[in-house]
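Asks: Have a look at the structure that comes next, please.
The values are calculated or read from the model by the stated rules, or taken from the named source; none is laboratory data. These numbers were taken from a predicted model, which means no experiment stands behind them. Ideal geometry is used to build each Cβ from the backbone, glycine not excepted, and the neighbour counts take in all protein chains shown.
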Amino acid sequence: MITLEDVTKAYRTQAGDHVVLDRLNVTFPDRVSIGILGKNGAGKST
């Protein structure tokens with residue numbers, strides 16, 4: 001099982017911080033496949 005608790009991620013820009021995750025909580029049970037989709041440079045691996 002993978003559990004994420006209170007995950008927050010923001011990118012600093014000239015206009016200020018851009019929050020992309022705000023206190024994310026999620027649990028992935030065993031034997032479940034997940035995928036993360038998004039544009040190139042969108043921060044999927046971050």
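Asks: Evaluate the following for K44: is it at pLDDT 90 or above, within 14 Å of the chain's Cα centre (by Cα) and among the basic types (K, R)? It would help to see each step written out before you state the result.
Replies: Details: at pLDDT 90 or above: no; within 14 Å of the chain's Cα centre (by Cα): yes; among the basic types (K, R): yes.
It is false that K44 is at pLDDT 90 or above, within 14 Å of the chain's Cα centre (by Cα) and among the basic types (K, R).
Asks: Another one. Can you tell me which residues in the chain are charged (D, E, K, R) and in a strand (DSSP E or B)? Before the answer, list the steps.
Replies: Looking only at the chain, we keep the residues that are charged (D, E, K, R), and these are 5-6, 9, 12, 17, 22-23, 30-31, 39, 44.
Passing the criteria: E5, D6, K9, R12, D17, D22, R23.
Every residue, every condition in (1) hydroxyl-bearing (S, T, Y); (2) surrounded by 10 or more Cβ atoms within 10 Å (Cβ to Cβ), yes or no:
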residue	(1), (2)
T3	yes, no
D6	no, no
Q14	no, no
H18	no, yes
L21	no, yes
D30	no, no
I36	no, no
K39	no, no
S45	yes, no
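Asks: Within the stretch 18-30, does at least one residue satisfy the condition of being of a type in the set (D, E, K, R) and more than 16 Å from the chain's Cα centre (by Cα)? Can you show your working first?
Replies: The first filter runs over the stretch 18-30 and keeps only residues of a type in the set (D, E, K, R), leaving 22-23, 30.
Now narrow it down to the ones that are more than 16 Å from the chain's Cα centre (by Cα): 30.
Yes: the stretch 18-30 contains one or more residues that are of a type in the set (D, E, K, R) and more than 16 Å from the chain's Cα centre (by Cα).
Asks: Then there is this: If the Cβ limit is 7 Å and pairs must be 6+ apart or interchain, which residue in the stretch 1-26 that is within 17 Å of G43 (Cβ to Cβ) pairs with which residue that is among the basic types (K, R) and assigned to a strand (DSSP E or B)?
Replies: Close Cβ pairs satisfying both conditions: T8/R23; V20/K9; L21/K9.
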